[in-house]
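Every number here is computed from the coordinates shown, using simple stated rules; none is lab data. In this text, all values refer to a predicted model and were calculated from it rather than measured experimentally. Note that we place each Cβ from the backbone using ideal geometry, even for glycine, and neighbour counts take in every protein chain shown.
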Amino acid sequence: MSKITDMTATKNWSGQTLVTADHMLFEAPRTKHFMTGSEVLKEAVKRCTVDASVSYPITPQSEAAHLIGELWAEGYVGMYFRGENEFGVMAEVAGCAMAGSRTITTTSGPGTLRAMENFPQWSGTRIPCQLILMARGINSPLTIQPDNLEVTFMLETGCMIWYAENVQELFDMSIAAFIVAEKPDVHVPIVTVVDGFFVSHTRESVMLPEDDIALFPYEPYKSPLPPIDSETPPGRFLRDPFVMKSNYISYATHASWQWEVRSAVERSRPYAEHFLGGLLHETGDLDAEIAFITCGTASHQAKEGQRELAKLGIKSKVIKLRTIRPFPTKELVKSLEGIKHAWVPEFNVVGWLEKEVKTALYGKSDTNIIGGPRVAGGMSLPAEAIIQEVMEVLNPGKGA
Amino acid sequence: MANQGPAYYSPYPTATYEGVITPPEGKALLLEEVVEEEKAMREVARVMLTSENATIFPGPQVLYAYNEEASKKATLIKEMAEVLNAKMIPMYDYRPKYPKIDAEVEINPNHPNLTIWHNKIKAAIFIGVHCHYANVALKIVRAETDCYTIAICGLSGHEDAMATLRDQHSSELAKFIKIAREVKSELKL
Amino acid sequence: MAIDIYKINPEFRDIMPQEIIDLEENATWAQNQKKPRGIKELPDTKELLEEHSLCAGCPEAAALRYVLAALPKPEETIIVNSTGCTSLMFPHIALHTVHSLFGNQNAVASGIKRSLAWRFPDKVKDVVVLAGDGATVDIGLDYTLQSFFRQEKITTICFDNEVYANTGGQESGMTPKGQVFKMAPEGKKFEKVKMWELATTSGCHYSINMTASAPKAVAKAVREAILIARDIGPTYLNIYTPCILEIGLSANEGLGEMKDQDKDRFASYKYVSDEAAAHLIKCKEEGLL
């Protein structure tokens with residue numbers, strides 16, 4: 001097994017050369033590979049000098065968790081084990097991270113909901129762990145199919161939420177995610193979301209740097225709270241105390257603490273902008289008067305719709321949101337300048353992204369925001385559905 | 001930070017809600033303005049030297065001799081207090097103390113305003129406090145007091161302080177003390 | 001050095017409170033002791049529990065003092081707690097401690113122990129769970145048992161007061177059959193869970209059921225349990241710390257209640273695996289016991 005004591009100033013415990021995230025993401029030469037999302041996550045974790053991972057099986061996340069287990073067996077990940085269920089796993093992740101380990105786990109749908117109580121606890125205790133959420137439907141009735149309804153439950157947990165569209169973005173985002181989450185002024189958990197199956201199980205071409213390099217390790221002593229290892233003062237330290245047991249003013253502690261967690265997410269903006277190349281990304285005709293506001297694989301389908309509309313002589317653009325927390329309000333307002341109608345296609349029945357967009361834009365934009373089209377329960381989102389929605393507004397009663 | 005308190009009964013809005021975040025590397029923050037470090041150091045020294053009951057709140061990362069840097073900083077902070085004519089009140093741990101703190105001689109992040117009220121402190125430096133607890137305390141202080149807060153931080157700084165210096169290690173503290181002496185002399189104090 | 005986190009920089013000595021100076025100068029840190037720590041030093045040394053907000057006469061507070069006095073190496077010990085009366089004392093313990101959620105304490109402790117074993121392969125870092133019966137046996141039972149199954153090298157101490165005290169006196173799985181509590185208005189319908197037996201069959205190398213009536217006995221059990229967990233595998237202590245408030249006793253009647261129960265529901269149960277027994281002999285030879 002690998003030992004942390006094998007690490008030197010230039011090499012990690014598995015012998016990989018330590019590099020900065022800038023080098024890894026922007027400078028290191030890359031070669032082309034053909035991989036699924038699960039496989040590419042293994043490649044990302046392999047290059048991140050990860051101390052710990054805890055897993056639990058669920059479809060469609062299992063394969064990614066298996067592959068991280070292989071990395072442990074190969075000596076790239078410091079420690080790895082299967083927990084008893086997702087609630088236990090997320091608590092084990094909390095233990096690993098608050099004791100100073102760079103920690104990653106993965107889950108999907110019902111697993112996310114089972115673990116839910118842990119997520120605000122993660123952010124409250126300021127651990128910079130990463131959760132790869134491979135979104136699927138939630139019960140009832142049972143479905144294992146792609147659907148991102150679970151993301152709506154994550155929105156107010158105090159965790160950062162990034163959303164990757166494809167295999168390449170999953171690779172790059174999951175590496176950048178550790179670095180941004182570990183910034184001392186951020187230092188909250190990060191949830192990197194992909195649409196289950198559509199990304200986890202789809203093989204795509206992807207450009208990867210060589211695997212003989214890896215990120216510098218996590219520095220627990222730059223944490224905004226003392227790591228739980230008996231090595232940092234104060235010696236008398238509870239992570240985290242009951243704050244209502246002192247006197248009236250400790251209500252202010254709880255309030256201040258909660259605002260501090262949200263402030264930490266806000267502080268991630270410049271870092272996310274640097275590593276992701278912007279909190280949102282525009283494609284299509286940038287001078288169009290109609291737009292699609294999307295995240296995840298809905299972006300891909302919207303781009304297909306945009307190309308089909310172009311063939312009909314209708315200009316449109318796709319505004320893909322790369323971060324959901326923090327929400328790119330300022331960028332979105334700017335991107336919507338000159339846009340008359342914007343649709344929000346989604347893979348869920350509730351339209352959480354539409355609600356997010358409308359809340360963010362209220363009083364700030366004149367664009368007409370239209371929810372949909374929406375599919376759910378594993379349905380695909382064909383470009384035709386998107387085009388039909390557009391034509392019903394642009395050309396009422398006459399269809400596409 | 002944009003506004004000096006008192007603000008409301010609740011520590012809101014926080015600085016980030018007003019669009020102010022930690023300064024970039026190499027810079028400092030004075031209220032909501034990103035400035036050169038030296039400019040901020042001069043202003044911090046001026047405020048401390050001219051405010052009533054200016055106080056330094058050293059936190060656990062400098063109070064305890066757990067590494068060489070902490071010991072070096074301790075010596076420098078003692079010197080800093082002398083130069084700034086400031087009192088020192090320790091934040092020696094973060095626990096919500098039961099049944100209450102002694103506001104005369106200690107500060108606690110869960111009710112930092114009590115110490116500031118009791119001692120009528122009009123300017124204060126937070127140093128060596130872990131960032132999360134510094135931020136929790138700074139928000140409360142801003143909401144509940146009219147104290148000018150200064151964060152001298154070894155990491156990324158604190159936008160909820162009215163002045164924040166980031167990446168402050170012992171060499172930067174020595175630089176600050178030198179500047180503070182100059183300002184003191186300019187003010188003929 | 002972990003002990004250094006208690007050393008005060010001389011520049012600040014004059015502004016630090018006496019309790020912190022005492023911790024540095026007069027606490028029984030293992031590093032400064034020639035003999036194993038124990039309750040005999042309690043009257044003359046600085047205790048690791050500064051203060052607490054439990055009810056007057058609460059046996060739980062006394063039991064925690066015994067536990068803290070018996071830790072083999074407190075300066076390298078992490079204690080993981082859960083929600084309940086015990087958590088009211090945790091901010092005041094002079095060690096690194098954790099309160100996460102209600103019931104997840106053994107899962108959190110598993111992560112911490114593994115993380116510390118990974119990060120500090122050449123150091124001893126003891127991880128102890130200390131929680132109430134609701135946390136250990138009801139809401140957290142899965143995580144308690146699973147940590148035993150996985151052979152996590154942690155010690156689990158349950159302060160069994162047979163009731164959800166902090167929430168106002170509701171029946172727990174550890175409440176004796178027939179007892180009337182809130183949520184059991186007609187009396188509890190099923191037997192007290194024999195958690196100490198479950199611990200044994202779930203893989204613990206050391207499992208004890210006892211009361212906190214005899215401080216030395218508690219200290220001995222704590223010390224043995226932690227030394228076994230450090231090198232062999234999981235250990236479990238079930239310690240009766242009655243809620244005098246909920247069973248209608250006065251502040252000075254807790255000890256008598258525990259003594260009564262020494263012969264009844266908490267009649268001594270002790271399991272030590274062969275491996276653990278051999279280890280204890282070795283520890284004794286090395287002067288650790």
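Worth pointing out:
- For chain A, the longest principal axis of the C-alpha atoms and the axis of helix A:167-181 are separated by about 50°.
- For chain C, the Cβ-based charge dipole about the Cα centre amounts to some 740 debye (Lys, Arg positive; Asp, Glu negative; other atoms uncharged).
- For segment A:334-400: Kirkwood Rh in Å [reciprocal of mean 1/r, alpha carbons]: 12.8
- Modelled FRET efficiency - R0 51 Å, residue A:3 with residue A:368, Cβ distances, 0.05 increments: 0.25
- For segment A:132-162, the residues whose amide N sits under 20 Å from a probe point set 7 Å from the Cα of residue A:82 along the beta carbon direction are A:132, A:134.
- Rg and Dmax of the protein assembly as shown, based on Cα coordinates, read 28.6, 92 Å.
- Simple spin-label estimate for residue A:350 and residue C:34 in nanometres, 7 Å along Cα-Cβ: 6.7
- For q = 0.14, 0.15, 0.16, 0.20 Å⁻¹, Debye-computed log10 I/I(0) when each Cα of segment B:34-186 counts as one equal scatterer: -0.60, -0.69, -0.80, -1.30
- Segment A:159-222 pair-distance distribution - Cα-Cα, 5 Å bins, rounded %: 4, 16, 24, 20, 18, 13, 5, 1
- Here each label is just a point 7 Å from Cα along the line to Cβ, and for residue A:143 and residue A:358 those points are 2.1 nm apart.
- Average projection area in nm² (convex hull over Cα atoms of segment C:30-285, one quarter of hull surface): 13.0
- Radius ratio Rg over Rh of segment A:283-394, counting only Cα atoms, Kirkwood formula for Rh: 0.93
- Acute angle (nearest 10 degrees) that the helix A:250-267 long axis makes with the longest principal axis of chain A, alpha-carbon atoms: 60
- By the Kirkwood approach, averaging reciprocal distances over each pair of separate Cα atoms, segment A:4-221 gets a hydrodynamic radius of 16.9 Å.
- If only the Cβ of Lys and Arg carry +1 and only the Cβ of Asp and Glu carry -1, the dipole of segment A:30-165 around its Cα centre is close to 360 debye.
- Cross-link reach list, lysines versus residue A:334, counting only Cα pairs under 30 Å and skipping chain neighbours closer than eight places: A:183, A:303, A:311, A:315, A:317, A:320, A:355, A:358, A:364, B:27
- Cβ-Cβ FRET estimate between residue B:189 and residue A:254, R0 fixed at 25 Å, reported to 0.05: 0.05
- 20 Å-binned pair-distance histogram of chain A (Cα, whole percent): 28, 56, 16, 1
- Within chain B, longest stretch clear of exposed chymotrypsin sites (Phe, Trp or Tyr not before Pro) (DSSP loop, no more than 16 other Cβ within 10 Å): B:10-189
- Of the residues A:188, A:77, A:350, the one that moves most in a GNM of chain A with alpha-carbon contacts below 10 Å is A:350.
- Segment B:1-93 has equivalent-ellipsoid semi-axes of 26, 17, 16 Å, by the square roots of 5 times the alpha carbon gyration tensor eigenvalues, sorted largest first.
- For segment A:289-400, DSSP calls about 10 percent of its internal beta bridges antiparallel.
- Efficiency of FRET between residue A:310 and residue C:251 - r from beta-carbon atoms, R0 56 angstrom, step 0.05: 0.10
- Filtered trypsin sites (Lys or Arg not before Pro), segment C:1-104: DSSP coil and at most 16 other beta carbons within 10 Å: C:34
- Percentage of interatomic Cα-Cα distances in segment C:1-145 larger than 23 Å: 41
- The long axis of helix C:59-70 is offset from the longest Cα principal axis of chain C by roughly 40 degrees.
- Among beta bridges that DSSP assigns inside the protein assembly as shown, antiparallel share in %, nearest 5: 25
- Here segment A:17-80 and segment C:175-253 have alpha carbon centers that stand 44 Å from each other.
- Note on residue B:171 and residue C:13: the model spin-label points, each 7 Å out from Cα along the C-beta direction, lie 3.1 nm apart.
- Within the protein assembly as shown: Cβ-based charge dipole about Cα centre, in debye rounded to nearest 20 (Lys, Arg +1; Asp, Glu -1): 580
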